[in-house]
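Structure record follows, encoded as structure tokens.
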Amino acid sequence: MNSTTPPSTVNLAGTAPDAVQRRVLTVVFYSQILSGAGLAAGITVGALLAQDMLGSAGLAGLPSALYTAGSALAAVAVGRLTQARGRRPGLAAGYLAGAVGSVGVVLAAVLTNPALLFAALFVYGAGTATNLQARYAGADLAEPTHRARALSTVLVATTLGGVVGPNLAAPTGDLASAIGIPYLAGPFMLAAVAYGAAALVLAVWLRPDPLLVARTRHLNRAAAAAAVPKRARRGGLVFGAVVMVLTQLVMVAIMTMTPVHMHRHGHGAAASGFVIAMHVAAMYLPSPLTGRLVDRFGPGRIAAASGITLLAAGVLAATAPADSVTVLTVALALLGLGWNFGLISGTTVITETVPLATRAKTQGVVDVAIAIAGATGGMASGLVTAATSFPVLAVGGGMLALLILPALPLLAKDR
């Protein structure tokens, strides 16, 4: 036995593939439920907390920029650790960092310390990066014809925590106030517990490690060599990255400023929490259907649908009456759905075109680009809204998403 190979991976490499895949999906499913609640905290009140501490709406997009910038660094670290040690240590470490960052945000709010807030939000971004990286764990052992569906199983789990998290914004805020902590720090208390629990679930139960099992099976079966590319197909790799970068940038920009836009028009935390909850639900809940559509019709068509859906979301958000929570909810749901189409189609392309030998590292690099796009969208959203208006931001973002369509030939070259 190779001393560098975990015994659990070697011993279970010959187990029925379906049984191992089911166990992996089950463990990752439960960890994603927990992490979804942690992820939703920053979305729901991050911009409002910064606006409250800094006294400037123009900097309200800064938290989103910071935690998505932090997720860029975390994506590199998680990707490299995963490449060297497997999915279990990589994902568990990422969620643990997210928990530490959440605690830091709460402490910064108590001390009214903007510098600590910014540093903590940067670390908190590790949870966001890890939440995205976890989707690859579902695809490591999936059959090629069912990869998108396996990815969707992991993504849909985030829905449960992601929907519950924003709706706990008001109750956790009340709890925070009752114990002498600023109201808006309440959701980050929830995030600390949720991310910590997700790290524990993965560290204890994600055995065997899906990436290490996939490598072992690949090495032990000559037939697998024909099914996995020996080198990345550049066109597909670039296309998958472009799709996910554009959808992330547009989604984060519009989503970040929606609670601020609602707050300006007299809506409270409960209303904005509901809208964001429906947005997060639309980001993840349609995943099983999206996975089937990608497996059946191909990632290119679903990626194109992503761009069109994001445009519709932007136009509807821009034209929604300021007092209509219902119309804004529909717009943000479409925004989440467009992101879902882009993420699953783009991730499927990346998984198909990158060999096992470099898969985790490449996935980490791609997620860095996604995180940078999110940071750009988050930071620019506040500046654009302050300089123009929320409707201009929404329509501009929707139009930007249409750049997916000219990128389609990149995928066609590799098919």
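The values are calculated or read from the model by the stated rules, or taken from the named source; none is laboratory data. Since the structure is predicted, the reported quantities are computational estimates derived from the model, not experimental observations. Don't worry about glycine lacking a Cβ; one is built from the backbone with ideal geometry, like all the others, and counts go over all protein chains shown.
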| Within the range 232-349, helices (runs of 4 or more DSSP H) holding 2 or more residues that are within 14 Å of the chain's Cα centre (by Cα) and surrounded by 24 or more Cβ atoms within 10 Å (Cβ to Cβ) | 234-264, 269-284
| note | With criteria (1) part of a helix (DSSP H, G or I); (2) closer than 23 Å to Ile344 by Cβ; (3) out of contact with any Phe, Trp or Tyr (no Cβ under 7 Å at 6 or more places or on another chain), Leu155 comes up short on (3)
| task | Starting from residues that are closer than 25 Å to Pro63 by Cβ and aromatic (Phe, Trp, Tyr), keep the ones in the range 116-169 and report whichever is surrounded by the fewest Cβ atoms within 10 Å (Cβ to Cβ). | result | Phe118
| said: Among the listed residues Pro259, Pro286, identify the single one that is closer than 30 Å to Leu408 by Cα, modelled with pLDDT of 85 or more and in contact with a helix residue (DSSP H, G or I) (Cβ under 6 Å, 6 or more places away or on another chain). | reply: Pro286
